[in-house]
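Structure first, commentary second.
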């Protein structure tokens with residue numbers, strides 16, 4: 001395996017370029033029938049690692065806590081981590097982040 005193909009994190013700043021991160025997100029508004037592709041800054045990917053971290057960041061940017069928990073404008077965020085697509089056990093998973101009807105704050109699965 002050449003050094004450019006290596007997935008080693010040691011001494012490299014390329015870890016945010018791994019398969020799970022495309023530096024893009026798809027924002028879908030089902031009530032308006034619109035979808036927008038947005039760029040995600042590398043600094044955000046480095047600060048909020050993994051599906052849970054990135055999902056929590058994106059969810060917190062979109063949720064309006066003053067709205068009812070059953071309001072259709074509440075976001076559902078599906079996020080992957082930096083090792084998605086690699087041959088690691090559990091790497092093919094994603095995290096779902098949502099507003100929980102039980103607690104009325106964030107929930108994740």
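The values are calculated or read from the model by the stated rules, or taken from the named source; none is laboratory data. Given the structure is predicted, the values throughout are model-derived calculations rather than measurements. Here the Cβ is made from the backbone with ideal geometry for all residues, glycine too, and neighbour counts use every protein chain on show.
Key figures
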| read-out | value |
| --- | --- |
| Test: residue in the range 7-22 that is at pLDDT 75 or above, touching a strand residue (DSSP E or B) at 6+ places or on another chain (Cβ under 7 Å) and surrounded by fewer than 16 Cβ atoms within 10 Å (Cβ to Cβ) | no |
| Restricting the range 73-98 to residues that are in a loop (DSSP other than H, G, I, E, B) and modelled with pLDDT of 85 or more, the residue that is nearest to residue 45 (Cα to Cα) | 75 |
| Condition met for residue 47 (surrounded by fewer than 18 Cβ atoms within 10 Å (Cβ to Cβ), more than 24 Å from residue 31 (Cα to Cα) and free of Cβ contacts under 8 Å to residues at least 40 places away in the same chain) | yes |
| Residue among 35, 43, 70 that is more than 12 Å from the chain's Cα centre (by Cα), at pLDDT 85 or above and part of a strand (DSSP E or B) | 35 |
